[in-house]
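Colleague: The following block contains the structure, expressed as structure tokens.
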Ligand SMILES: Cc1cc2nc3c(=O)[nH]c(=O)nc-3n(C[C@H](O)[C@H](O)[C@H](O)COP(=O)(O)O)c2cc1C
């Protein structure tokens, strides 16, 4: 296959896989490092390279999931708190191999518009997702739980201007890949002017 065809297969074949469909198998550290290296080759305006990753696995992942769930409980109105969501945060971590927490590190002093730094970090995430697809790994990019809560940033020791982009639950799955769904056609979002 040509490079373009290979890439098409990877891009179109990539699917979000929820941790509940992962089988708990542990992925070799060198493979995770390879994905993080791919992330590093995302485009970056002004070469600020704003993507940052905190990688959790093993006991550290168990502790992180528990602390994440505890933060959810501490910072949620009792009327809105649900034990199912609390347990879900913990359970997700038991099915996957690694969680890669992604955040955007704001340059100091900031010279590049915020949207560009978020865009660059999102591009770094996509590199990880595509690399994972090429390796038959499963990933969920999650912005659930406490992702956007200020208490999460404080827990992680991030700066005021930094932005948590989500948690990547990475694992292996023995289940069939979820069916691809799009609500419209690609050309519905395109205006061509000649
Ligand atoms: C920024 C971002 C955040 C997301 N957060 C969640 C999430 O919290 N929970 C979830 O189930 N899926 C999440 N997703 C995955 C989407 O649900 C998924 O991409 C969408 O259903 C399309 O499926 P596909 O990725 O298989 O093409 C997120 C995707 C993006 C880009």
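Every read-out reported here was derived from the displayed coordinates using simple, explicitly stated rules and does not represent laboratory data. Since we're looking at a predicted model, the values are computed, not measured. All Cβ positions, glycine included, derive from the backbone under ideal geometry; neighbour counts span all protein chains shown.
Colleague: Would you calculate the separation in nanometres between label points at residue 81 and residue 41, each defined as 7 Å from the Cα along the Cα-to-beta-carbon direction?
Modeller: Distance between label points: 4.7 nm.
Colleague: Estimate the FRET efficiency between residue 189 and residue 59 by the formula 1/(1 + (r/R0)^6), using the beta-carbon distance for r and 30 Å for R0, to the nearest 0.05.
Modeller: So, using R0 = 30 Å, E works out to roughly 0.10.
Colleague: With viscosity set to 0.890 mPa s and temperature to 25 °C, compute the Stokes-Einstein D of the chain, Rh being the Kirkwood radius across alpha carbon pairs; µm²/s, no decimals.
Modeller: 136 µm²/s
Colleague: Separation of segment 34-94 and segment 103-140 by C-alpha centroid, Å?
Modeller: 15 Å
Colleague: Under 20 Å from a point placed 7 Å out from the Cα of residue 12 along the Cα-to-Cβ direction: which residues of segment 116-133 have their backbone N that close?
Modeller: 127, 129-133
Colleague: When N is the residue count of segment 6-99, what does its C-alpha Rg come to as a fraction of 2.2 N^0.38 Å?
Modeller: 1.36
Colleague: Here is a further query. Which Rg and Dmax, in Å, describe the Cα atoms of segment 148-194?
Modeller: 19.1, 52
Colleague: Return one quarter of the surface area of the convex hull spanned by the alpha-carbon atoms of segment 73-176, equal to its mean projected area, in nm².
Modeller: One quarter of the hull surface, i.e. the mean projection, equals 8.1 nm².
Colleague: Restricting to Cα pairs below 8 Å that are 6+ residues apart, what does the relative contact order work out to for segment 49-170? Please round to a whole percent.
Modeller: Value for segment 49-170: 37 percent.
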